[in-house]
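Reviewing the structure listed below.
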Amino acid sequence: MEIQRRDFIGGVAAGLTLGTLASPNKLLAKGLAPLDAPPTPYPPALTGMRGTSDAARDIGHAMVLEGKAFSMPAAQTDETYDLVVVGGGVSGLAAALFFQEQAGPDARILILENHDDFGGHAQRNEFEVDGRKLISYGGVQNLVSPNALYSQGAPAHLLNRLGMDPAELERRFDRDFFKRHGLTAGIYFDKKNFGERHGLRRNPFYNISVSFRNTALLARDDKAAAAKAIDAFPVSDAAKANLKAIVANETNFYESLSFEEWMYVMATVSYRDYLNNHFGLEDEAWLTLRGNGTLRWASAIDWDRENALIATSFYMPGLGVDIYQAEKDHPEYYAGQSEPYIHHFPDGGASVARNIVRLLIPPVTGAKNWEELVTASIDYAQLDRADHRVRLRLGTTAVRVENSGDGKFVDVACVNNRSGETSRVRGKHAIMACWNGILPWICPQLPAGQRESLRYARKAPLTYVQVALRNWKSIAASGYGTIHHTDGFFSDSTLDFPISVGGHRHPSNPNEPIVLTGFHSTRLDLDPKVSNRDYYVAARHLLMSMSFDEFERGTLEYLDEVYGPSGLDASRDVAAITVNRWPHGPAYYYNPLYDDPNFHPFNGPHIAGRQQLGRISIANSDAEANPFLTGAIDAAARAVNEQLGSA
């Protein structure tokens, strides 16, 4: 069967030329669309290469890598808005909503977004497979620890405004899905390193029951079960003994230290060095542990690049710390640690973005609340109309932003990604909710010191590959619903989160279609002394050099390798592939292995980098050194308060 792999640029619009798209900005400014323009696409349903497309990337790269400069057009090609927001991710959308709340419903707001969809990393993927609609996420997975982290301030206010109740997500999440289908977590030992011994084994270092919190946390203490699983590993006896000793350890080697001293020691040693220092680390034991648990979120870096303190939050073995007691004793650090990782919308963080748009531009959907919107569509033709108070303009890259000479406005030059036409819009205020690292190139009025601070951070590359399967009989037969691969095209893969909400029903029968997520590992063989900031740059360039064909081939080969023995045939069972490529992924968070140990979300270069510049304020999670949605939301509230003087 043919695999759906056609995206908008490579498929539907392949025959269009720039001539057929003449002056679309001028027409859009009047609320019209070119008569010969293609029908408005529905981005969530597009497959192939998604996330950051070449079109969304190329203009920024031309400025940063090639030194291309854009001047401000002399003529203003659009009206004057009360607010111009650069960046249509969660931070930019939240900023627009918060501004509207304070400035009033008549405020005119324009949101510019360089991608072909809004939401930033919180985008949505949809598939039609054998008559069934599948919904999944293109980036942000969950609300992390909402009872602790969304309980006050801007995050709490936003969820309340959207009518989203984390408790409802808990009720709709099927915590027993994996157990009911006889599924557990596995490790696939690769053939390159383990030869004829390769294959699937149970993973004692990642427990689904603990993650979903449905076994009273007893599984984490089952040392005997872990030892039995290790006995089945295709590693040497010495490596097995090494791993068993690590798992069995209950000794805190720094018990004499105060909590603050312990945190410093653990934060300034890599987890790999910690294990090597205290247990001696066999090579095959390291291959088993090196990326286990962290690669799903930390962008293809192994445990030689993450510190031992972070490892405690992932329940990694050998640390001798009761993480749950630590949360009780020190909630200021471990707040929400014991909350289950189940606060998931079917489309992940996209539900947050889509529901903000629902409030800002009501005509986009007939859905009356967030639950109805789970299965409803967004009418993208409604996003950028002159008769709406709020407009969201996709496929448009801001290239120059500056305060006007009289100090009363902000002028924004922007380029239409398709036509290459440059236009100028004006706002009484502007909020930069884009990647902060691009600001030194598009905000010429920034002081030199602020520019340098903004250049410090490097976003981590991240790729989520969503695979629509016609059925998951082979996965059920294997017994492994989530897999860590010791050295594969995907570092990890897992069946989608089992939640049924808002008319969306998660597949309950192995004969039904389902989405499997593969976390692509852009692993580089670089010395651990090379900083993560430099590592991310190298990994990003490698990621952006990869074609969809490479991703498709790697995906199919991975599935045949891992699940082929249990009956999967990728060429037969894969219905569609969507590659969510984020070369500039999660915000940079400080790592004491490479950054000043005194840097944290409340102290570091990002503080100087986000300083207000006249009528320009800076948002995005980058400005909070917080890679989660809470960082994006807090940044939005701060930026709006700066501009409206309500801090």
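The values are calculated or read from the model by the stated rules, or taken from the named source; none is laboratory data. For clarity, every value in this text was computed on a predicted model and none was experimentally measured. Cβ coordinates were reconstructed from backbone atoms using ideal geometry, including for glycine residues, and neighbour counts include every protein chain displayed. Side chains are part of the model used for accessible areas, which takes the heavy atoms of the whole protein and leaves out ligands, DNA and RNA. Shrake-Rupley method; radii C 1.70, N 1.55, O 1.52, S 1.80 Å.
Quick look at the values:
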item	result
Residue within segment 632-646 that is hydroxyl-bearing (S, T, Y) and open to solvent by 50 Å² or more (accessible area, probe 1.4 Å) present	yes
Test: S500 is more than 20 Å from A635 (Cβ to Cβ), more than 25 Å from the chain's Cα centre (by Cα), open to solvent by 10 Å² or more (accessible area, probe 1.4 Å) and not aromatic (F, W, Y)	no
Residue in segment 248-259 that is acidic (D, E) and part of a helix (DSSP H, G or I) present	no
Subset tally (residues that are part of a helix (DSSP H, G or I) and not charged (D, E, K, R)) for segment 516-551	12
Selection within segment 325-343 - over 30 Å from E371 (Cα atoms), touching a helix residue (DSSP H, G or I) at 6+ places or on another chain (Cβ under 9 Å) and open to solvent by 20 Å² or more (accessible area, probe 1.4 Å)	E327, K328, D329, H330, P331, Y333
Of all residues in segment 123-148 being among the hydrophobic types (A, V, I, L, M, F, W, C) and surrounded by 21 or more Cβ atoms within 10 Å (Cβ to Cβ), the one that is nearest to the chain's Cα centre (by Cα)	V140
Residue match in segment 448-455 (condition: in contact with a strand residue (DSSP E or B) (Cβ under 8 Å, 6 or more places away or on another chain) and among the hydrophobic types (A, V, I, L, M, F, W, C))	no
Where H584 falls short, out of the listed (1) touching a residue at least 60 places away in the same chain (Cβ under 8 Å); (2) open to solvent by 20 Å² or more (accessible area, probe 1.4 Å); (3) not in a loop (DSSP other than H, G, I, E, B); (4) not hydroxyl-bearing (S, T, Y)	(3)
Residue that is modelled with pLDDT of 95 or more, closer than 30 Å to H121 by Cβ and within 34 Å of the chain's Cα centre (by Cα), where the choices are T268, T312, T294	T268
In segment 390-417, residue modelled with the lowest pLDDT [restricted to those that are over 19 Å from A74 (Cβ atoms) and not in a strand (DSSP E or B)]	N417
Condition met for L359 (within 29 Å of M63 (Cβ to Cβ), aliphatic (A, V, I, L, M) and open to solvent by 20 Å² or more (accessible area, probe 1.4 Å))	no
Candidate set: segment 503-534, residues that are among the hydroxyl-bearing types (S, T, Y) and over 29 Å from N369 (Cβ atoms); chosen: the one surrounded by the most Cβ atoms within 10 Å (Cβ to Cβ)	T522
Listing of strands (runs of 3 or more DSSP E) fully contained in segment 418-494 that carry 2 or more residues being within 22 Å of the chain's Cα centre (by Cα)	430-432, 462-469, 480-485
Meets criteria (buried (at least 22 other Cβ atoms within 10 Å of the Cβ) and closer than 20 Å to V269 by Cα) for N591	yes
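Residues checked against (1) of a type outside the set (A, V, I, L, M); (2) open to solvent by less than 20 Å² (accessible area, probe 1.4 Å); (3) under 21 Å from F194 (Cβ atoms):
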{"residue": "E261", "(1), (2), (3)": "yes, no, no"}
{"residue": "Y264", "(1), (2), (3)": "yes, no, no"}
{"residue": "T268", "(1), (2), (3)": "yes, no, no"}
{"residue": "D273", "(1), (2), (3)": "yes, no, no"}
{"residue": "A285", "(1), (2), (3)": "no, yes, yes"}
{"residue": "I301", "(1), (2), (3)": "no, yes, no"}
{"residue": "R305", "(1), (2), (3)": "yes, yes, no"}
